[in-house]
Amino acid sequence: MLDFITGPLFVISLVIFTVGMLARVVLYVRGLDWRLERIAYRYHTDRSIPGALASIFKWLIPGGTDGWRTQPVATTLFFLLHFGAVLVPLFLLGHTVLLERYVGISLPSLPGTLADILSVLSLAAILLLAARRMASPALRQLNSRADWFILLLTFLPFATGLMARLDTSAYQSWMVLHVLSGELFLILAPFTKLSHIVLFFLSRAQIGMDFAIKRGGATRGGAFPW
Amino acid sequence: MSELLCTPTPITTKEGILNLLKDKGGAQYYSQMKEMKVDQAALARDLEQTCKSRTRTWLDICAHCAMCADSCFFYRTNNNDPTQIPSYKIQATLGELLRRKGKVDAAFMIKCMDAAWGKCTCCNRCAVYCPHGIDTGVMFSYLRGILFKHGFIPWEMKIGSGMHRVYGAQMDVSEEDWLETCEWMVEEQQEEWPDLEIPVEKEHADVMYVLNAREVKHYPEDIALAAILFHVTDTNWTVPREGWENTSLTMFAGDWEGCAQNVKRIYAAVERIKPKVVVGTECGHAHRATVVEGPYWAGRESGDPPVRFMHYVEWVAEMLRTGKIKIDPAKKIKVPCTLQDSCNYVRNHGLGMATREIMSYIAEDFREMSPKSDHNFCCGGGGGLNGIGIYRQERNVALTNKLEQIRATGAEMVITPCHNCWDAIRDMMEVYEEHNIKWSFLKPLLVDMLIIPPHIRHIAPE
Amino acid sequence: MREKHIGFRTILTSLLFLALGMALSSGVAFGEERIPFTYPAFSAKKMPPVFFTHDQHIAYLEDKGQDCTACHQMTDEGLSETFLNVRNVAPGKQMDYLHATCTECHVKLAKGPRLVDCRVCHSERIASEYAAKK
């Protein structure tokens, strides 16, 4: 059982995640239509590429856009969650050891204390985002099952991982739950709103191209001031 | 005997327009709409064929984070009503339509109509505030197209689309009316500007001027002012006999076929006259329909119009920069004044620099609104909302956002180089009884404050 | 769009209880003599050092009729004190070698910590207990 979930199931999850995400990318790009969207995707690359890049990277910087600056609380929570959610799964020492052994990819690892801090902050951000969902009238109007579901899918690996990290006598049980919840995340990501892991980049690139190619890219003098 | 006024078929005859106009306020039209059957199979097919990965992904990955809420002036002016959040508005209409695969009734389609025209002006501001780059305005515009095809559109939009299809203009202005108005305006100005002319269909003119039918029908002096400005700048200009109207209520109506007809008429005039550049009047949506979206409706793969098109503000900025128009310093605007950025050519076509360049020449005390330029708010009446009777109350509430923005600048004059913004600002001053703030297009101000070059014959009126 | 999210909260609570149940049932007592892994001497100290349950391993191997050479190679100077072939592994690869060799055996025998069980071997608690004894 343990060998199955840490071996074949882990590989299966990674394959589903990778193939699923690639499929989302391919389907997205193939579904773009210059006539329907009225964007000459194939033309004006001199401005569409910088436009797409600015549209992505400005939004990756905390406070990099007017949108982030006008909502400092939400922005802080999003970034706290995402710093941990991107860095810890990829660069935690335990993860890099496993990745090197099973997949042959060798990544640098985070200092343990930093990984601990990032994980705790991510977990706190998830809980505060959940609280925000329950408290804010605007959010209460928007909430759907799918929103709660991805919060839960993200919460579980962090919570179980941190429980294991505490190194209690139940260490191995927490580790099993951690591996299972991580695999659940990987398997479901392509089919849920977690697909924004890749679709964020595509969607941002698309709107950046839209503004660069059609909506003022030639007259504004530079990329859209997000 | 009551006639069938509300159908999915577009209006293509004068009688059709007259019948609709006889139905005061569209009372009968809207009551028929409630009884109209939704062709669910056709609706499902339309969604299948035209709603592709971009829109579906937008609806799919929307994190319901509410970052768009505050970007929307409807949300802000309705006491943060959660049902006015852009994300909610689109998910509850287009999102639901897709989830149900078109299996909806007339009541649902009317709910969609109320949101697509009464709760969104397609100003696209929310797109600037969404971390995922989701443009709800674009989606509502798409939804308008679907609703048009199935007949669920406001009465005025149905008429507007019909006007364009029948008259090639947003109002019942025939070619004869148009040419007569040009002649009349030249005569009117003869005493003051003896050499003024409005050349029609002059091949190879440097500038071909296109305008808004409303100027012909209701504000003909605007044409005279345009002519004076071309005259004093020695511009070799002309107007086309056909294809002179660049507005597009068809765009507001979601009538994409009508949009294509409009823009092709203008591009055909370009083909005939072969100007170096086309200048369009002080109108926001007209510019968008002809220059931004228009090339695509005309099937142009590059997305570029067949020749350079300039918005009036670009042309004015160039005239001021090159000294063709010289402003009398004594006549500059002395009172504090501000500038309304039209969504359709500022956020959606990057011309905020041009208007600001103009302000630097004509205003002594220019004050920016906050937010400004690409981030500015819609006037409150864009996207056709100004003209729709059943949503008048919604519009009036929405206007307060811009009114507060204007008041906060302390300005006594608002420069509004856009017909829709101009209307909205006029109406907000009237509705909310604000008598100390004036508003104006650029043309009358420029004609008043320019230094007439010595070689231009001008006889000042008594 | 406002819906009962009670469903998810219930699931979450049950999952946590399940975890707790599993956790309590798997308490393992450590008491045997342990010896520290001193070769190679890792300088980075990213994880607590390993204190190896030598007695436990000997008992298990004897039971299976095996001897010291299962883990220690015979050399000209006698039985090597270090683990298998680790001395001949390039310095950068030694950690990976130890991880792989230890856990492969565990997987094969379906016994002992696997590669995911980092802190069973790298235990802060045991490391500090041994540090205190010294």
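Checking residue B:123 against (1) over 22 Å from residue A:38 (Cα atoms); (2) more than 10 Å from chain A (Cβ to nearest Cβ); (3) assigned to a loop (DSSP other than H, G, I, E, B); (4) open to solvent by 10 Å² or more (accessible area, probe 1.4 Å), which single condition isn't satisfied?
(1)
Can you tell me how many residues within the range B:439-455 are open to solvent by 50 Å² or more (accessible area, probe 1.4 Å) and either at pLDDT below 95 or outside any strand (DSSP E or B) (or both)?
Of all residues in the range B:439-455, those open to solvent by 50 Å² or more (accessible area, probe 1.4 Å) come to B:439, B:448, B:451-452, B:454-455.
Next cut, either at pLDDT below 95 or outside any strand (DSSP E or B) (or both) only: B:448, B:451-452, B:454-455.
Number satisfying all stated conditions: 5.
Inside the range C:86-133, can you point out the residues that are assigned to a loop (DSSP other than H, G, I, E, B) and closer than 30 Å to residue A:5 by Cβ? Talk me through it step by step, then tell me what you get.
Looking only at the range C:86-133, we keep the residues that are assigned to a loop (DSSP other than H, G, I, E, B), and these are C:89-90, C:110-117, C:122-123.
Once the filter is applied, which keeps residues that are assigned to a loop (DSSP other than H, G, I, E, B) and closer than 30 Å to residue A:5 by Cβ, the range C:86-133 yields C:89, C:110, C:111, C:112, C:113, C:114, C:115, C:116, C:117, C:122, C:123.
Search the range C:107-126 for residues being open to solvent by 40 Å² or more (accessible area, probe 1.4 Å) and among the aliphatic types (A, V, I, L, M), and hand back the single one that is nearest to residue C:44 (Cα to Cα).
Within the range C:107-126, the match that is nearest to residue C:44 (Cα to Cα) is C:107.
Kindly indicate which of C:104, C:129 is at pLDDT 90 or above and open to solvent by 70 Å² or more (accessible area, probe 1.4 Å). Before you say what the answer is, go through the steps one by one.
Numbers: C:129 fails: at pLDDT 90 or above.
From the options C:104, C:129, the qualifying one is C:104.
Given the criteria out of contact with any Gly (no Cβ under 8 Å at 6 or more places or on another chain), loosely packed, with under 15 Cβ neighbours inside 10 Å and within 13 Å of another protein chain (Cβ to nearest Cβ), does residue A:103 qualify? Let's see the steps before the verdict.
On the way: out of contact with any Gly (no Cβ under 8 Å at 6 or more places or on another chain): yes; loosely packed, with under 15 Cβ neighbours inside 10 Å: yes; within 13 Å of another protein chain (Cβ to nearest Cβ): yes.
Yes; evaluated as a whole, the condition is true for this residue.
Identify, from the list A:177, A:142, A:186, the residue that is crowded, with 20+ Cβ neighbours inside 10 Å, facing chain C (nearest Cβ under 8 Å) and closer than 26 Å to residue C:118 by Cβ.
On the way: A:142 fails: closer than 26 Å to residue C:118 by Cβ; A:186 fails: facing chain C (nearest Cβ under 8 Å).
Selected residue: A:177, the only one of A:177, A:142, A:186 that is crowded, with 20+ Cβ neighbours inside 10 Å, facing chain C (nearest Cβ under 8 Å) and closer than 26 Å to residue C:118 by Cβ.
Checking residue C:99 against (1) open to solvent by less than 30 Å² (accessible area, probe 1.4 Å); (2) closer than 24 Å to residue A:166 by Cα, only one condition comes out false. Which one?
Result: residue C:99 passes all but (1).
Would you tally the residues in the range A:111-136 being open to solvent by 30 Å² or more (accessible area, probe 1.4 Å) and either modelled with pLDDT under 95 or among the β-branched types (Val, Ile, Thr) (or both)?
Matching residues across the range A:111-136 total 5.
When you scan the range B:267-280, do you find a residue that is at positive phi and open to solvent by 10 Å² or more (accessible area, probe 1.4 Å), even just one? Give the steps one after another, and end with the answer.
Pass one, the range B:267-280, residues at positive phi: B:274.
The next check asks that each one be open to solvent by 10 Å² or more (accessible area, probe 1.4 Å); those that pass are B:274.
Looking through the range B:267-280, at least one residue is at positive phi and open to solvent by 10 Å² or more (accessible area, probe 1.4 Å).
Table: residues versus (1) more than 30 Å from residue B:454 (Cβ to Cβ); (2) open to solvent by 10 Å² or more (accessible area, probe 1.4 Å); (3) of a type in the set (Phe, Trp, Tyr).
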site	(1), (2), (3)
B:177	yes, yes, no
B:202	no, yes, no
B:218	yes, yes, no
B:243	yes, no, no
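Out of the residues in the range A:167-206 that are closer than 17 Å to residue B:63 by Cα and of a type in the set (A, V, I, L, M), which is nearest to the chain's Cα centre (by Cα)?
Ranking the candidates gives A:197 first.
Considering only the range A:190-204, state which residues are assigned to a helix (DSSP H, G or I), open to solvent by 20 Å² or more (accessible area, probe 1.4 Å) and more than 7 Å from every other protein chain (Cβ to nearest Cβ).
A:191, A:197, A:198, A:201, A:202
Got a number for residues in the range A:55-72 being assigned to a helix (DSSP H, G or I) and in contact with a helix residue (DSSP H, G or I) (Cβ under 8 Å, 6 or more places away or on another chain)?
The number of residues fulfilling the criteria is 8.
I'm trying to understand the selection: among the residues of the range A:37-87, which are of a type in the set (Val, Ile, Thr), open to solvent by less than 20 Å² (accessible area, probe 1.4 Å) and free of Cβ contacts under 8 Å to residues at least 40 places away in the same chain?
Once the filter is applied, which keeps residues that are of a type in the set (Val, Ile, Thr), open to solvent by less than 20 Å² (accessible area, probe 1.4 Å) and free of Cβ contacts under 8 Å to residues at least 40 places away in the same chain, the range A:37-87 yields only A:75.
Restricting attention to the range A:1-36, report how many residues are open to solvent by less than 80 Å² (accessible area, probe 1.4 Å), among the charged types (D, E, K, R) and modelled with pLDDT of 95 or more.
Here the count works out to 2.
Would you check which residues across the range B:297-352 are open to solvent by 10 Å² or more (accessible area, probe 1.4 Å), among the charged types (D, E, K, R) and within 10 Å of chain A (Cβ to nearest Cβ) and list them?
Those that are open to solvent by 10 Å² or more (accessible area, probe 1.4 Å), among the charged types (D, E, K, R) and within 10 Å of chain A (Cβ to nearest Cβ): B:300, B:301, B:304, B:314.
Report every pair of residues separated by at least 6 positions or lying on different chains whose Cβ atoms are under 6 Å apart, first residue within the range A:200-211 and within 8 Å of residue A:56 (Cβ to Cβ), second open to solvent by less than 30 Å² (accessible area, probe 1.4 Å) and among the polar types (S, T, N, Q).
Correct list of pairs: A:204/A:55; A:208/A:55.
Name every residue in the range B:117-136 that is free of Cβ contacts under 8 Å to residues at least 60 places away in the same chain and within 26 Å of residue B:389 (Cα to Cα), in order of residue number. Quick ask: steps written out before the conclusion?
Narrowing the range B:117-136 to residues free of Cβ contacts under 8 Å to residues at least 60 places away in the same chain: B:126-127, B:133.
Answer for the range B:117-136, where residues must be free of Cβ contacts under 8 Å to residues at least 60 places away in the same chain and within 26 Å of residue B:389 (Cα to Cα): just B:126.
Being more than 7 Å from every other protein chain (Cβ to nearest Cβ) and more than 17 Å from residue A:41 (Cα to Cα) is the filter here, so list the residues in the range A:207-225 that pass it.
A:222
Any idea how many residues of the range A:88-114 are over 16 Å from residue C:118 (Cβ atoms) and in contact (Cβ under 8 Å) with a residue 60 or more places away in the chain?
Adding up the residues that qualify gives 1.
All but one of (1) closer than 19 Å to residue A:93 by Cβ; (2) of a type in the set (Phe, Trp, Tyr); (3) open to solvent by less than 60 Å² (accessible area, probe 1.4 Å) hold for residue C:52; state the number of the condition that does not hold.
For residue C:52, the exception is condition (1).
Report the residue count in the range A:82-121 for those that are outside any loop (DSSP other than H, G, I, E, B) and under 21 Å from residue C:47 (Cβ atoms). Talk me through it step by step, then tell me what you get.
Here is the first cut: in the range A:82-121, the ones outside any loop (DSSP other than H, G, I, E, B) are A:82-91, A:93-102, A:112-121.
Those left that are additionally under 21 Å from residue C:47 (Cβ atoms): A:84, A:87-91, A:93-102, A:112-120.
Of the residues in that region, 25 qualify.
Taking residue C:82 as the residue in question, decide whether it is open to solvent by less than 30 Å² (accessible area, probe 1.4 Å) and part of a loop (DSSP other than H, G, I, E, B). Steps first, answer last, please.
Details: open to solvent by less than 30 Å² (accessible area, probe 1.4 Å): yes; part of a loop (DSSP other than H, G, I, E, B): yes.
Spelling it out, residue C:82 is indeed open to solvent by less than 30 Å² (accessible area, probe 1.4 Å) and part of a loop (DSSP other than H, G, I, E, B).
Filter the range A:151-174 for residues that are open to solvent by 30 Å² or more (accessible area, probe 1.4 Å), outside any helix (DSSP H, G or I) and within 8 Å of chain C (Cβ to nearest Cβ) and give the result.
Within the range A:151-174, A:168, A:169 meet the criteria.
Against the condition more than 30 Å from residue A:129 (Cα to Cα), more than 8 Å from every other protein chain (Cβ to nearest Cβ) and under 22 Å from the mean Cα position of the chain (by Cα), how does residue A:26 come out, does it pass? Spell out how you get there, then give the answer.
Working: more than 30 Å from residue A:129 (Cα to Cα): yes; more than 8 Å from every other protein chain (Cβ to nearest Cβ): yes; under 22 Å from the mean Cα position of the chain (by Cα): yes.
Considered against the rule, which asks whether it is more than 30 Å from residue A:129 (Cα to Cα), more than 8 Å from every other protein chain (Cβ to nearest Cβ) and under 22 Å from the mean Cα position of the chain (by Cα), residue A:26 comes out as yes.
Among (1) part of a helix (DSSP H, G or I); (2) modelled with pLDDT of 95 or more; (3) not charged (D, E, K, R), which single condition is residue A:40 missing?
Every condition holds for residue A:40 apart from (1).
Of the conditions (1) among the small types (Gly, Ala, Ser); (2) within 12 Å of chain B (Cβ to nearest Cβ); (3) not in a helix (DSSP H, G or I), residue A:52 fails just one. Which one is it?
Exception for residue A:52: condition (3).
Which condition does residue C:57 not pass, out of (1) within 14 Å of chain A (Cβ to nearest Cβ); (2) modelled with pLDDT of 90 or more, if it passes all the others?
The one condition residue C:57 does not meet is (1).
The values are calculated or read from the model by the stated rules, or taken from the named source; none is laboratory data. Values in this document were obtained by computation on a predicted structure and should not be read as measured data. Reconstructed Cβ throughout: ideal geometry from the backbone, glycine too, with neighbour counts over all protein chains shown. Please note that ligands, DNA and RNA were not included when accessible areas were found on the heavy atoms of the full protein model with its side chains. Shrake-Rupley method; radii C 1.70, N 1.55, O 1.52, S 1.80 Å.
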